[in-house]
Each structure stands twice: as C-alpha cells, then as structure tokens.
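Notes follow once the structure below has been shown.
The values are calculated or read from the model by the stated rules, or taken from the named source; none is laboratory data. These numbers were taken from a predicted model, which means no experiment stands behind them. With ideal geometry, Cβ positions are generated from the backbone for all residues, glycine too; neighbour counts draw on all protein chains shown. Ligands, DNA and RNA are stripped out before the accessible areas are found, and what is left, the full protein with its side chains, is counted by its heavy atoms. Shrake-Rupley method; radii C 1.70, N 1.55, O 1.52, S 1.80 Å.
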Amino acid sequence: MANIHESDLSRVAEGDEVQVRTIAYPERIFKGSVKKIGTMLDPDSRVIKIRTELNNSEGLLKPEMFASIIVTSAHRLSIKAVPQMAVILENNRYYVMREIAKGKFEKVGLTIGRTFGDFYEVESGLNMGDRVVFRRITFCAYRL
C-alpha cells in the first residue's frame with residue numbers, strides 16, 4: 001500500500017509502473033505496478049491509498065516496511081522543463097538566459113510549476129525547443 005497526495009491523484013492510474021525503495025534495502029529497486037486505487041480520501045492527510053503489486057520472490061519485503069515509491073504513468077505527457085541549475089532567482093522572480101542566436105542570449109522571466117527531480121516545469125516564458133544556458137559546477141578537492 002502507498003499514499004498518494006490528492007494533488008497527484010489525476011496522474012496515477014491502474015497499470016502504471018512503480019519503483020519502490022525501502023529503508024532496509026536502499027540500493028535495491030523493487031518494480032511492480034498499480035493494481036488498485038482507493039476510493040476514500042483521508043481528510044486529515046489529504047492522501048488516498050493505492051495498492052501496488054511487486055515482485056517479492058526473495059521475500060525481502062515485509063508488512064509495514066517504510067518505503068518511497070515512484071509512479072511512472074503509462075500515458076506519457078510532454079512538459080516544458082529546465083534544469084534547476086539553469087534557473088536564476090532574482091528579486092523573488094525566476095529567470096533563464098535563452099539563446100536567441102549563436103553566442104547571443106537574453107534574460108527571460110519564467111513561471112515555474114512543479115519540480116521533477118532536478119528539473120522545474122515551465123508554465124510560461126519558454127517555448128518547446130528553446131535553448132538555455134546551463135552550467136554544471138564541478139568541485140575539486142586539493143591537498144594543502
């Protein structure tokens with residue numbers, strides 16, 4: 001069983017793939033699928049229960065174990081997203097540097113939506129295919 005927040009309910013369907021990590025076996029990913037979506041929303045926590053079916057042929061998963069779950073929709077959606085490292089926060093507004101020509105850039109304001117891992121959903125400010133400045137920071141350790 002897993003808890004799904006009310007705000008995520010529209011993106012979960014029976015048959016969706018799940019990947020589960022447990023505290024007991026953090027290096028292992030258990031794969032399965034959503035088998036049943038509950039019908040009652042918990043009014044205090046605003047979550048609904050889903051039942052998943054996982055391969056537990058080794059018997060490692062036990063009742064009441066704590067786990068985190070990633071649900072991957074069987075119906076893929078395309079969204080505009082940018083790496084978090086590409087986004088500049090200035091005066092409580094989000095910006096990126098968009099390429100307008102080879103070697104030329106402009107500062108563009110963004111409206112940010114949901115967060116997906118290391119990416120922000122872009123609700124407005126960019127079009128699909130726009131190129132933005134993205135920098136990767138590398139840290140080096142030196143012996144002094």
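For this structure, a couple of remarks:
- Considering only F105, V132, V87, the residue lying farthest towards the positive end of the dipole of the chain is F105, judged by Cα position with unit charges set on Cβ.
- Mean separation of Cα pairs under 8 Å and 6 or more residues apart, divided by the residue count, gives the chain a relative contact order of 19 percent.
- Per residue, the chain exposes 77 Å² of accessible surface when a 1.4 Å probe is rolled over the protein heavy atoms with every protein chain present.
- Sequence ranges 61-70, 21-30, ranked by mean other-Cβ count within 10 angstrom, highest first: 21-30, 61-70
- For region 6-47, the relative contact order is 39 percent, taking Cα pairs closer than 8 Å that sit 6 or more residues apart in sequence and dividing their mean separation by the residue count.
- For region 13-135, carbon and sulfur atoms together expose 50% of the accessible surface, with a 1.4 angstrom probe and every protein chain in place.
- Reduced Cα scattering model of the chain, Debye log10 I(q)/I(0), q = 0.09, 0.14, 0.21 Å⁻¹: -0.46, -0.87, -1.19
- Taking a sphere under 15 Å around the Cβ of R131 and counting the other residues whose Cβ falls inside, with K and R at +1 and D and E at -1, yields a net charge of +3.
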